[in-house]
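**Q** Sharing a structure with you now.
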Amino acid sequence: MNLKIPFLILLCLLTFGCENKEIKTYIKDDDFVSISYPVTNISFLDEAISSYITKVKAEFDLNRNKKELNISYTYKEVNDDIVSVGFQTEIITDKKINKIKTFTYNRKSNKFLTLDDIAKDLNVFDDDIKKSLLKEYQNVDMEYLNGISYEYFTIGDENLTLYFNPTLLNLDYDEIVHLDIPLNSLDLLIDIDKTQSNDYYFNIKKRNIDLDDKVVALTFDDGPSRYTEGILDILKKNDACGTFFIIGNKVEFYGDVLRKMLEYNNEIGNHTYDHKYLTRLSESEFKEEVNKTQEVIKKETGYSPTLFRPSYGGYNDTLKSYTDLKFVLWDVDSRDWSVKSKDRILKNVLPNVKSGSIILMHDNHEYALNALEDMIKSLKDDGYKFVTVSELLEFEKIRDS
Ligand code: ZN
C-alpha cells in the first residue's frame, strides 16, 4: 500500500487551513475604482463577499455615466467563531449613491447570523431607535420607520451598529444612516472577545548619509497586502528602505506588518482611508479620510505619519490647506500595475532616476516585489543610497542651505 498519498492530502489540508487572512485591494487608476475587501478563508463568507463585490462592480461597469466606485469595509473578529463584515459602497455616476451591505457569520454553525441571533429582545429598543433616527435625521418618513427592519448591522469593540440605506428611509440624504448601540446595554446571546489596544513605540534610526552621496527614495502605495512582508524582507536583506503610503482601512488587519515596517527602519505615510478621488470631497470628508488613517496607524504602531500621498495623485491647493501633513508625489513612475513585467518595470525606473528621485511602486500586487531586488542592486551599483522620503526632504534642506 502506498502511504504517501494520505500523507500528502493531510499536508495540503494543513497548509490550506493555515493560509493567512488578507485584505485584497483592487485599484484601477484610470477608472477611479477602489475596492478593498477581506479574504477570511471562511468559504461561505468569502463567496458571499465576492458575489456582492462582483455584482456591484458589474453594475457600475455597465453604467454609461460612471465616474467613481469606492467599496470599503469594516472587519471584526467578534470571537473565535464569529466574524462581522460591513461594506460601504459609494457609486458616483450622474448622481451619488451610497449602499450598505453587512455579513455576520458563525463559522462553527456555518450560518449567517441575524440580529435575533446576536441579542435578545431588541424590540425593547425599537422605540428608542426610531426616536434617535428621527432626532438625527429630521426628514425621516415615519411611515417608513414603522416598517423598518434591522437587516444591516456590524459588531465592533464597543457598539452594535445598525445601518440603513438612505433610500430605505426615504431620505434624499446621500450618506449611510447609522446608529450605535452600546454592547453593554444589550442582552447578548453571543460572547464578545475584548481586544486590547496596542502600545507600540518605535524610533526611526538615522542613516549615515554624506552630503555628496546620491540618494533615492523607494515608495510603495496602496498596501499593506500579502506582498508587503516580502518587500520588507528584500529591503532589509539589501540594507535599503522604503516609504509605505498606507490605505487606512487595511491597517487594523495588518498591524504586525506595519510594526515590522517601522522595526526595519522604513517610513509610513498616509494614503487616505478609502482611496477616494479627493478633489470631489468636501472639507470634512477629506479631513475624515486623512484623520481616520492617522488615528488607526497611531493606534496600531504608536507612530504618527507626517507625509501624505493623495489617492490617484489628485489634489489641489485647497486640499493642501486642510492638513498639516506634507503632500508627496513622485518623479519616477514604475507603472508596475500596468506593465507588470519585471523588465519593463526596471526599464521605466532605472534610466530615469537621478539623485533626489522618488520612485513610485505599489505593494498591493507582486509586480514591484518581483522587480525590487534587481532594482536595488542596479541602483547600488550606480552609487545610490536609499533613504525614506522624510530623510530625502531633510537631506535636500540641509544640502541646499
Ligand atoms: Zn493609490
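The values are calculated or read from the model by the stated rules, or taken from the named source; none is laboratory data. In this text, all values refer to a predicted model and were calculated from it rather than measured experimentally. Cβ placement follows ideal geometry from the backbone for every residue including glycine, while neighbour counts extend to all protein chains displayed. Note: areas computed on protein heavy atoms with side chains; ligands, DNA, RNA excluded. Shrake-Rupley method; radii C 1.70, N 1.55, O 1.52, S 1.80 Å.
**Q** Quick one: is Val349 in the same structural domain as Ile247 (by TED's automatic domain parsing) and within 26 Å of Leu211 (Cα to Cα)?
**A** Yes.
**Q** Please tell me if Phe286 is assigned by TED's automatic domain parsing to the domain that holds Asn265 and within 17 Å of the chain's Cα centre (by Cα).
**A** yes
**Q** Condition first: within 16 Å of the ligand (Cβ to nearest atom), open to solvent by 10 Å² or more (accessible area, probe 1.4 Å) and assigned to a loop (DSSP other than H, G, I, E, B). Now tell me which residues in the stretch 359-388 satisfy that.
**A** Scanning the stretch 359-388 gives Asn364, His365.
**Q** Tell me which residues, restricted to the stretch 211-231, are farther than 22 Å from Glu396 by Cβ and touching a Gly at 6+ places or on another chain (Cβ under 8 Å).
**A** Ile231
**Q** Still on this structure, I have one more. Checking the conditions here, which among Tyr163, Tyr150 is in the same structural domain as Asn79 (by TED's automatic domain parsing), assigned to a loop (DSSP other than H, G, I, E, B), modelled with pLDDT of 75 or more and buried (at least 18 other Cβ atoms within 10 Å of the Cβ)?
**A** Tyr150 is the lone residue from the list that is in the same structural domain as Asn79 (by TED's automatic domain parsing), assigned to a loop (DSSP other than H, G, I, E, B), modelled with pLDDT of 75 or more and buried (at least 18 other Cβ atoms within 10 Å of the Cβ).
**Q** If I go through the stretch 309-350 residue by residue, how many of them are without any contact (Cβ under 8 Å) to a residue 24 or more places away in the chain, basic (Lys, Arg) and outside any loop (DSSP other than H, G, I, E, B)?
**A** 3
**Q** When the residues of the stretch 232-265 are narrowed to those that are part of a loop (DSSP other than H, G, I, E, B) and in contact with a strand residue (DSSP E or B) (Cβ under 8 Å, 6 or more places away or on another chain), which ends up farthest from the ligand (Cβ to nearest atom)?
**A** Among those residues, the one meeting the criterion is Asp239.
**Q** So which residues in the stretch 23-64 are touching a residue at least 60 places away in the same chain (Cβ under 8 Å) and within 16 Å of the ligand (Cβ to nearest atom), if there are any at all?
**A** Ile23, Lys24, Thr25, Ile27, Asp29, Phe32, Ser34, Ser36
**Q** For residues that are crowded, with 19+ Cβ neighbours inside 10 Å and part of a loop (DSSP other than H, G, I, E, B), scanning just the stretch 266-287, find the one that is farthest from the ligand (Cβ to nearest atom).
**A** Selected residue: Asn266.
**Q** While we're looking at this one, here's another question. If I ask for residues that are open to solvent by less than 10 Å² (accessible area, probe 1.4 Å) and among the polar types (S, T, N, Q), which ones from the stretch 346-358 would you list?
**A** Ser357
**Q** Right, another one. All but one of (1) more than 16 Å from the ligand (Cβ to nearest atom); (2) over 17 Å from Gly242 (Cα atoms); (3) in contact with a helix residue (DSSP H, G or I) (Cβ under 7 Å, 6 or more places away or on another chain); (4) open to solvent by less than 50 Å² (accessible area, probe 1.4 Å) hold for Lys342, so report the exception by its number.
**A** Here Lys342 clears every test but (4).
**Q** Could you say whether any residue in the stretch 235-248 is of a type in the set (Asp, Glu) and over 22 Å from Val332 (Cβ atoms)?
**A** no
**Q** Which of the residues belonging to the stretch 212-236 are more than 27 Å from Tyr75 (Cα to Cα), open to solvent by 10 Å² or more (accessible area, probe 1.4 Å) and in contact (Cβ under 8 Å) with a residue 40 or more places away in the chain?
**A** Of everything in the stretch 212-236, those that are more than 27 Å from Tyr75 (Cα to Cα), open to solvent by 10 Å² or more (accessible area, probe 1.4 Å) and in contact (Cβ under 8 Å) with a residue 40 or more places away in the chain turn out to be Asp213, Lys214, Ile234.
**Q** How do the pairs read when you match residues in the stretch 262-278 that are in contact (Cβ under 8 Å) with a residue 12 or more places away in the chain and within 22 Å of Leu218 (Cα to Cα) with residues anywhere that are within 11 Å of the ligand (Cβ to nearest atom) and open to solvent by 10 Å² or more (accessible area, probe 1.4 Å), using Cβ under 7 Å and keeping only pairs 6 or more apart or on different chains?
**A** So the pair list comes out as His275/Ile27.
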